[in-house]
1. So what J values fall out for the stretch 58-68 if you push phi through Karplus, 6.51 cos²θ - 1.76 cosθ + 1.60 with θ = phi - 60°, rounded to Hz, Gly and Pro as x?
2. Taking amide H atoms as placed 1.01 Å from N in the peptide plane, list the residues 5 or more away in sequence, or in a different chain, whose amide H sits under 5 Å from that of LYS53.
3. Using θ = phi - 60° and the Karplus form 6.51 cos²θ - 1.76 cosθ + 1.60, what ³J(HN,Hα) does each residue of the stretch 28-40 get, whole Hz, x for Gly and Pro?
4. Express in nm, to one decimal, how much length is gained between GLN68 and GLU104 on full extension, taking 0.36 nm for each residue of separation and deducting their alpha carbon distance.
Amino acid sequence: MNTKEKATDLDEGATLGSLLKQERKLRGMTKKEMAEFLNLSQAYIGQLESGEKIPTLTTLDKIGLKLQIPVGLLMLSSVNQNDLTPLKKEDFGTIMGVVRMALEKRYL
């Protein structure tokens, strides 16, 4: 599958782990391949994808490099919507819509 054919889908309920798993699978990459690239264990990759572990910024940067996703977008996906108290729920939806559009056009 051509990775440019389908953009990342960031649902409001998406977590960093679910995004990592989705994008890894979209690119036809195994946990083993990701683990080897990051010099980490497959078990740790599974823990990242399940949300049991949180990656360091260095690891997140390497993941972004491998998946061709800007680290800022990965960080945005890990923000809990409920922590964005100054924003209204409608504003969060608008932001996510803009991110989706940018991903579809591969601006990010």
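1. 4, 5, 4, 5, 5, 4, x, 4, 5, 8, 6
2. The answer is LEU48.
3. x, 9, 8, 4, 4, 4, 5, 4, 5, 4, 8, 6, 10
4. Length gained between GLN68 and GLU104: 11.6 nm.
Rule-based calculations on the coordinates, nothing more; no lab input. Keep in mind that this is a model prediction, so the values were computed, not measured.
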